[in-house]
Number of protein chains: 2
Amino acid sequence: MNYDIPFNKPFLTGKEVHYISDAVQTGKISGNGKYTKKCQDFFKNTYGFGKCMLTTSCTDALEMAAILINIQPGDEVIMPSYTFVSTANAFVLRGAKIVFIDSQNNHPGMDADLIEDAITGKTKAIVPVHYAGVACNMDKIMALANAYNLFVVEDAAQAIDSYYTFPDGTKKALGTIGHLATFSFHETKNIISGEGGMLVVNDPQFMDRAEIIWEKGTNRSSFFRGEVDKYGWVDVGSSFLPSEIISAFLWAQLENLETIQTKRIQIWQTYYEGLKDWAAQNNISMPHIPTYATNNGHMFYLVFKNTTKRAKAIEKLKSHGILSVFHYLSLHESPFYKNKHDGRQLPLTNHYSNCLLRLPMYYELSVADTNKIIKLLNEVQL
Amino acid sequence: MNYDIPFNKPFLTGKEVHYISDAVQTGKISGNGKYTKKCQDFFKNTYGFGKCMLTTSCTDALEMAAILINIQPGDEVIMPSYTFVSTANAFVLRGAKIVFIDSQNNHPGMDADLIEDAITGKTKAIVPVHYAGVACNMDKIMALANAYNLFVVEDAAQAIDSYYTFPDGTKKALGTIGHLATFSFHETKNIISGEGGMLVVNDPQFMDRAEIIWEKGTNRSSFFRGEVDKYGWVDVGSSFLPSEIISAFLWAQLENLETIQTKRIQIWQTYYEGLKDWAAQNNISMPHIPTYATNNGHMFYLVFKNTTKRAKAIEKLKSHGILSVFHYLSLHESPFYKNKHDGRQLPLTNHYSNCLLRLPMYYELSVADTNKIIKLLNEVQL
């Protein structure tokens, strides 16, 4: 069916198609051209990221990370079960065994207190997912990584323009903390290019090889910098770099980052204020932002007491032409992985899978529509 | 330096940015939307391909192929050494050993007569590359595949709108013959979307799984057809599908396929007529189209007697602001593979690597510019 208020809606900020036409005029729409460089420089300068490399998706950025940290068959990677399949698949494709960890009691993000118990001699990496753009406990995670000599790959798919404050007061953008980090520009994200992503390489040991893997296993980038006199096949790799058509679109979005972020946070706040009393009365959990984290307005969600109550809210909104959605069937119970899972119980993962609901959230969501959703939910008695 | 006549130049046929705006208006710019389906249907209906699936690149289509035929570490894959790195890398990423075969005496494509000698008990697939859009000897290759129970993955990156005629007179589009086939829409190809590609699945046994692997290892496509009541993680996979931004761009190109093809073949013919006498006088080989193949106007190349003579031609053109290029450092002699290569001598591969030259070839190349290039080359005495 078509919804009057969809869950998500892509948007133009103004110059997207202009920049695409410009890329064609300029004579380059394959990857690693003018707009790719503009986007990468913007991210580096705005957030203090290490080397930034646009990719065709966050999935592909995760696959680059798995190749860079040299995942071998049998290596173990620790991550939450409550996440998108790509977090896991990227490492499974290199032969890794995934060790799934439960969510936090007050947040769907992984519980950092459960990580140490999951570390073995085969553990190679921890992949914290900053769910809803809200930071994981990075101080604890980085300390464990240092103690056990593990790599940290931040899955920051939803976490652009969000921050973490260390206990000593240092505030850092998400994506600057792990050895590697990945972002998504899928159409449901804050900043979009339809499909799209980025790998951030913070650990200098990976920077040269990242460039080679990105360019299909060739030293083409060195060649164009004049460092080698011809370029050829030097490593494994793939075509991880997006078309300039995608980068040009993304650049127009980045020029409007502040406006987009302001708008999304306003929507988020409107939801929060308009729903908090009703939520308290009906035993519904509202999004929790720990003191060490920030809110980037990526997602507004509610956690109901059970699936039946969630279904009531979905139905109420649906009957008024509004689409609300839930997501993440627990990966440890998926058809693909349930027989490979180590048997660890992950009750909170299942709880979020059964009870979390996402409300419509997009740049062009009007105040009137937001208020309509709030009014309808307030009428739901659970 | 900037060239007056570049080697390649991307082009708009008219409606590219209009369709991109339409995709945004329609509310979907992530993958597998309206324009993806329009492109896929076009290819299927125009050429008689099996299941068509757009991908972010031909590299990614090859990676899907490697996953589908279930390449395991140690499996052997036979392919030409004179090809782009992605032909090999896609299989190397799954652990394959590549067995490289030499080119033909009168064409850079692989010599089908050399394949049988390279087949062992570990051989899993043959990957013929239709160089310059000119068919490999598919009758011979398919007969070997049948006899030895091997899969054939046609690397048709350059081969859109080109055909092969079997000895019995049956004429089939390239990409319809192998179990699987891959195409590229990179900006240097006939039909472009900057970066982009397509997997064609002709063998029905792979169709369902292809859809799952394409959608990140989930059964999302079945879910949206109502075949399952929820979707989840059922297999390995990646984000192989391109943004609708890319598909919308590609669709505008496909609407103009005939015009584009007519223009490219005209340029090709102009080169051929204008250079044939000079080539004969100077011992330069012109492109050879076997009787079983067609010419899709993808590439115009010359093969000089040696590297020095080629360098003279490049220099002459360069001094008049014209960029001509060569390509494919032999993969069997690459830094990455030379120690893994089985030692087979591939003299023709090296010959093409050292002596082949590609002339400017793009939709907007004018008759005047084509004639200028011809005139300048005719002045080169070798």
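The values are calculated or read from the model by the stated rules, or taken from the named source; none is laboratory data. Source: prediction; values computed, not measured. Cβ: placed from backbone, ideal geometry, glycine included. Neighbour counts: every protein chain shown. Each accessible area value is taken on the protein alone, full model and side chains, heavy atoms only, with ligands, DNA and RNA left out. Shrake-Rupley method; radii C 1.70, N 1.55, O 1.52, S 1.80 Å.
Under the condition of being away from chain B (no Cβ under 14 Å) and more than 17 Å from A:Gln253 (Cβ to Cβ), the residues counted in region A:176-197 number 6. Scanning region A:64-75 for residues that are open to solvent by 20 Å² or more (accessible area, probe 1.4 Å) and either of a type in the set (Gly, Ala, Ser) or at the interface with chain B (Cβ under 9 Å from one of its Cβ atoms) (or both) yields A:Pro73, A:Gly74.
The requirement of being within 25 Å of B:Phe7 (Cβ to Cβ) and part of a helix (DSSP H, G or I) is satisfied by A:Asp22. Got a number for residues in region A:198-219 being more than 14 Å from chain B (Cβ to nearest Cβ), among the aliphatic types (A, V, I, L, M) and within 20 Å of A:Ile78 (Cα to Cα)? Number satisfying all stated conditions: 2.
Residues of region A:1-19 being assigned to a helix (DSSP H, G or I) and either of a type in the set (A, V, I, L, M, F, W, C) or without any contact (Cβ under 8 Å) to a residue 40 or more places away in the chain (or both), which ones? If the condition is that a residue be assigned to a helix (DSSP H, G or I) and either of a type in the set (A, V, I, L, M, F, W, C) or without any contact (Cβ under 8 Å) to a residue 40 or more places away in the chain (or both), then A:Val17 is the only one that fits.
The rows are residues; the columns are (1) in contact with a helix residue (DSSP H, G or I) (Cβ under 6 Å, 6 or more places away or on another chain); (2) of a type in the set (Phe, Trp, Tyr).
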residue: A:His130; (1), (2): no, no
residue: A:Gly133; (1), (2): no, no
residue: A:Asn137; (1), (2): yes, no
residue: A:Ala147; (1), (2): no, no
residue: A:Val153; (1), (2): yes, no
residue: A:Ala156; (1), (2): no, no
residue: A:Phe166; (1), (2): yes, yes
residue: A:Ala181; (1), (2): no, no
residue: A:Lys189; (1), (2): no, no
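Take the residues in region A:267-278 that are open to solvent by less than 30 Å² (accessible area, probe 1.4 Å) and in contact with a helix residue (DSSP H, G or I) (Cβ under 9 Å, 6 or more places away or on another chain); name whichever of them is nearest to B:Thr87 (Cα to Cα). Selected residue: A:Ile267.
Only residues that are open to solvent by less than 10 Å² (accessible area, probe 1.4 Å) and aromatic (Phe, Trp, Tyr) were counted across region A:218-242, and they come to 2. If A:Gly50 passes every condition in (1) in contact with a Pro (Cβ under 9 Å, 6 or more places away or on another chain); (2) surrounded by 22 or more Cβ atoms within 10 Å (Cβ to Cβ) but one, which one does it miss? With respect to (1) in contact with a Pro (Cβ under 9 Å, 6 or more places away or on another chain); (2) surrounded by 22 or more Cβ atoms within 10 Å (Cβ to Cβ), A:Gly50 is out only on (2). Being within 14 Å of chain A (Cβ to nearest Cβ) and either at pLDDT below 95 or open to solvent by 20 Å² or more (accessible area, probe 1.4 Å) (or both) is the requirement here; does B:Lys28 meet it? Criteria met by B:Lys28. Picking from B:Glu211, B:Glu215, which residue would you name as being in contact (Cβ under 8 Å) with a residue 12 or more places away in the chain, surrounded by fewer than 21 Cβ atoms within 10 Å (Cβ to Cβ) and outside the structural domain of B:Trp268 (by TED's automatic domain parsing)? One residue alone meets the criteria, B:Glu211. When region A:243-266 is filtered for residues that are among the hydroxyl-bearing types (Ser, Thr, Tyr) and either in the same structural domain as A:Thr370 (by TED's automatic domain parsing) or open to solvent by 10 Å² or more (accessible area, probe 1.4 Å) (or both), the ones remaining, listed by number, are A:Thr259, A:Thr262. Taking every residue in region B:97-109 that is in the same structural domain as B:Val85 (by TED's automatic domain parsing) and pairing it with any residue that is open to solvent by less than 10 Å² (accessible area, probe 1.4 Å) and in a loop (DSSP other than H, G, I, E, B), at least 6 positions away or on another chain, the pairs with Cβ-Cβ distances below 6 Å are B:Phe100/B:Ser81; B:Asp102/B:Leu346; B:Ser103/B:Tyr82; B:Pro108/B:Tyr82; B:Gly109/B:Cys136.
Tell me yes or no: at least one residue of region B:76-84 is open to solvent by 10 Å² or more (accessible area, probe 1.4 Å) and either modelled with pLDDT of 95 or more or in contact with a strand residue (DSSP E or B) (Cβ under 8 Å, 6 or more places away or on another chain) (or both). For region B:76-84, residues open to solvent by 10 Å² or more (accessible area, probe 1.4 Å) and either modelled with pLDDT of 95 or more or in contact with a strand residue (DSSP E or B) (Cβ under 8 Å, 6 or more places away or on another chain) (or both): present.
Annotation for region A:60-81: at least one member residue is among the small types (Gly, Ala, Ser), under 14 Å from A:Met198 (Cβ atoms), touching a residue at least 24 places away in the same chain (Cβ under 8 Å) and not assigned by TED's automatic domain parsing to the domain that holds A:Leu331.
Looking at B:Asp161, is it open to solvent by less than 40 Å² (accessible area, probe 1.4 Å), closer than 23 Å to B:Gln40 by Cα, out of contact with any Asp or Glu (no Cβ under 8 Å at 6 or more places or on another chain) and not aromatic (Phe, Trp, Tyr)? The answer is no for B:Asp161. Of the residues screened, A:Lys34 is not one that is in contact (Cβ under 8 Å) with a residue 40 or more places away in the chain, open to solvent by 30 Å² or more (accessible area, probe 1.4 Å), more than 10 Å from chain B (Cβ to nearest Cβ) and within 28 Å of B:Gly237 (Cβ to Cβ).
Scanning region A:91-140 for residues that are farther than 21 Å from A:Leu329 by Cα, within 14 Å of chain B (Cβ to nearest Cβ) and not basic (Lys, Arg) gives a single hit, A:Gly95.
For region B:220-278, a tally of residues being among the charged types (D, E, K, R), more than 14 Å from chain A (Cβ to nearest Cβ) and under 27 Å from A:Gly31 (Cα atoms) returns 4.
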